1. Output the residue which, of all residues in segment 47-101 that are aliphatic (A, V, I, L, M) and loosely packed, with under 10 Cβ neighbours inside 10 Å, is nearest to Val28 (Cα to Cα).
2. Report whether or not Ile6 is under 22 Å from Val89 (Cα atoms), of a type in the set (Val, Ile, Thr) and surrounded by 17 or more Cβ atoms within 10 Å (Cβ to Cβ).
3. More than 14 Å from the chain's Cα centre (by Cα), loosely packed, with under 10 Cβ neighbours inside 10 Å and modelled with pLDDT of 95 or more: does that describe Gly20?
4. Does Ile32 meet the test of being β-branched (Val, Ile, Thr) and without any contact (Cβ under 8 Å) to a residue 12 or more places away in the chain?
5. Taking only segment 23-69 into account, find how many residues are of a type in the set (Ser, Thr, Tyr) and modelled with pLDDT under 95.
6. Determine which single condition Lys96 fails, assuming it passes every other condition in (1) within 15 Å of the chain's Cα centre (by Cα); (2) touching a residue at least 24 places away in the same chain (Cβ under 8 Å).
7. Quick one: would you say Leu25 is touching a residue at least 40 places away in the same chain (Cβ under 8 Å), closer than 29 Å to Tyr97 by Cα, of a type in the set (A, V, I, L, M) and in contact with a Lys or Arg (Cβ under 8 Å, 6 or more places away or on another chain)?
8. Which residues, taken from segment 26-44, are in contact with a helix residue (DSSP H, G or I) (Cβ under 7 Å, 6 or more places away or on another chain) and not charged (D, E, K, R)?
Amino acid sequence: MEKSLIDYLKQIPDHRNPHGLRHPLWLVLLIIIMGMMSGYWGYRQLGRFVERHRRELIRILQIPFARVPSYSAIRRVMVNLDYEELQLVFNQWSKKYSVIS
């Protein structure tokens, strides 16, 4: 079976303090990617994306306790993210769908 984008995002190490974490890193990253691909750039815009699509995100991603990541959770992840690691796993995933001619 082919690996999904979620499987690749789960490979990124989570360096956050585990105390008080509400959302796995892969979930926050997936929502950030979805928001950016929908034209929502920046912390506040991504927070609006989450609020605007809250019900759909909870249903489709099966988010426990109906708690979506907040603007501040998104911001903290983005500020501390290893973007090289994210780029590496995203590129590995996207190679399955790229045609080089």
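1. Going residue by residue through segment 47-101, those that are aliphatic (A, V, I, L, M) are 50, 57-58, 60-61, 63, 66, 68, 73-74, 77-79, 81, 86, 88-89, 99-100.
With loosely packed, with under 10 Cβ neighbours inside 10 Å added as a condition, the list becomes 79, 99-100.
Values: Val79: 13, Val99: 28, Ile100: 30 Å.
Once the filter is applied, the top-ranked residue is Val79.
2. Spelling it out, it is not the case that Ile6 is under 22 Å from Val89 (Cα atoms), of a type in the set (Val, Ile, Thr) and surrounded by 17 or more Cβ atoms within 10 Å (Cβ to Cβ).
3. no
4. On the way: β-branched (Val, Ile, Thr): yes; without any contact (Cβ under 8 Å) to a residue 12 or more places away in the chain: no.
So Ile32 does not fit the description; no.
5. First pass over segment 23-69, keeping only residues of a type in the set (Ser, Thr, Tyr): 38, 40, 43.
If we keep only those that are modelled with pLDDT under 95 too, we end up with 43.
Total meeting the criteria: 1.
6. Tallying (1) within 15 Å of the chain's Cα centre (by Cα); (2) touching a residue at least 24 places away in the same chain (Cβ under 8 Å), Lys96 fails exactly one: (1).
7. On the way: touching a residue at least 40 places away in the same chain (Cβ under 8 Å): yes; closer than 29 Å to Tyr97 by Cα: yes; of a type in the set (A, V, I, L, M): yes; in contact with a Lys or Arg (Cβ under 8 Å, 6 or more places away or on another chain): yes.
Judged against the criteria, Leu25 is a match.
8. Applying the first criterion (in contact with a helix residue (DSSP H, G or I) (Cβ under 7 Å, 6 or more places away or on another chain)) to segment 26-44 yields 26-32, 35, 38, 40, 43-44.
Trp26, Leu27, Val28, Leu29, Leu30, Ile31, Ile32, Gly35, Ser38, Tyr40, Tyr43, listed by residue number.
The values are calculated or read from the model by the stated rules, or taken from the named source; none is laboratory data. Keep in mind the model is a prediction, meaning the values are calculated, not measured. With ideal geometry, Cβ positions are generated from the backbone for all residues, glycine too; neighbour counts draw on all protein chains shown.
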